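What follows draws every value from the coordinates through simple rules; no lab data is involved. Here the structure is a predicted model, which is why all the values come from computation and not from measurement. As a convention, Cβ positions derive from the backbone with ideal geometry for all residues, glycine included, and neighbour counts pool all protein chains shown.
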Amino acid sequence: MDGIEVNRSRQVIADIFFILSFMIWQLIVLYSQTTYYSSFIDGEYLQYVRLICLAIAIISEVIRNKFDMSIVAALVILFFVGIIYVRTGNSGLLLDIFVFIYCVRRIAFKKIIFASIVVQSLVILTTILGAKLAVIPNTISIQGNTIRFGLGFQYTTYPSQLYFYLVLMIVYIRKQAISFFEIVVLFFLNYIIFHYTHTRNPFLLVSLTLIVILISKRFGILDFKSRLIQFFLKYTFIIFAILTTTLVYLYSNNPLFHFLNQLFSNRISLGHDGLINYGIPLFGQKIELYGMAVYEMIGTLAQYNYIDSSYIQILVVYGLIFFLFLMAGFTNISKKAVESNKNILSFILFVISIHSMLDPQLIFLWYNPFLMILGYNFNLGIYHDNNPQKFNLL
């Protein structure tokens, strides 16, 4: 018994170390996306804190003191990540992300999501409040007759994207227990953020998610019995990645493509230009992508060339090998979620796969903590077991 108790204590300590390291890391990276960063925060200081967080995450792995074959798999992937890191030159957080994805594999995912809810709620609240009280600048973007506000974030889309993932995390934690009142509050906040930021994609997807959850509470529509629906959910990332890549590659000036491009705020044409101009390397390449935030600051000195689609950006910037690893990882998790009847998780992954068609946050861990779900692919014992019910960390 003593040995068992000691082992449990080690696991608890390791969990605490990891969760605290991730929370602090996520907090500093998210605040670097706000105007607090330019107003009050020393960027060099943040880099030191970031490295300390990574060290603590690695220490949590040492505390667990468990060697298994997943370490070999991790080293192989780390080798490829290192190549991509060197070739792109602009992926400073890529190694951070890999460390967190690997070290999370023995922790109940619900703990990570709950911790992220705390961090993201804190950042959203303090940043919007800071902007409203004029403590920090409130960025403004004027496009035609539309005025968009950053609400204390460096660009106007950031608060909407952060809120999108926050809602998904709340749904993941609360599941069918979420109350009608909670759904109404989340709807209201979604509208308020959209009113100021005019960011359509996350607004529509949050609305869709809440409507589906609301209907599901009454009619149980998230009980996926159809084999066709199950197939679609299992391969949702591959399906939407292929659809997006095909649409972007075949883009032309015909009326249908022009209509779709205008509907999606020129994302299709920008993705097409990225594919044609830069191609798809095996191991990534160094590209300076200038989004609206940079473009508005330095104007004609920068050519607006940002690739918004996660799928296309990953292919062009990080390369085919990284893209295939990512698709394989998400697909494996999606399959296990369906087989284990984790219907809320399956639905959330489906929504993220749609969101990734038009927005770049899929591999931005500070926005999307669901990226860490890939770490559970390293639990080889679970995935080699024929009993899907053992898929229990999620």
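Here are the numbers for this structure:
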| quantity | calculated |
| --- | --- |
| Cut-off under 5 Å, modelled amide H: who pairs with residue 153 long-range | 35, 139 |
| Among 108, 57, 14: highest mean-square fluctuation, GNM of the chain, C-alpha pairs under 10 Å | 108 |
| Helical contribution to [θ] at 222 nm, DSSP H n ≥ 4, -39,500 (n - 2.57), averaged over the chain, rounded to 500 | -21500 deg cm²/dmol |
| Per-residue Cβ neighbour rank within 10 angstrom, fewest leading, 278, 304, 376 | 304, 278, 376 |
| Over 24 Å between alpha carbons, listed pairs 286/335; 111/225; 175/225 | 286/335; 111/225 |
| Kirkwood-type radius of the chain, with distances r between different C-alpha atoms, in Å | 22.1 Å |
| Given charges at beta-carbon only (K, R positive; D, E negative), |dipole| of the chain in Debye | 1000 debye |
| Segments 354-364, 120-130 sorted - mean Cβ within 10 Å per residue, highest first | 354-364, 120-130 |
| Exposure proxy ranking, count of Cβ atoms within 10 Å, fewest first, for 157, 246 | 246, 157 |
| Rounded to 10°, Cα long-axis angle of helix 70-88 versus longest principal axis of the chain | 20 degrees |
| Highest-MSF residue in the chain out of 144, 329, 284 [GNM, Cα springs under 10 Å] | 144 |
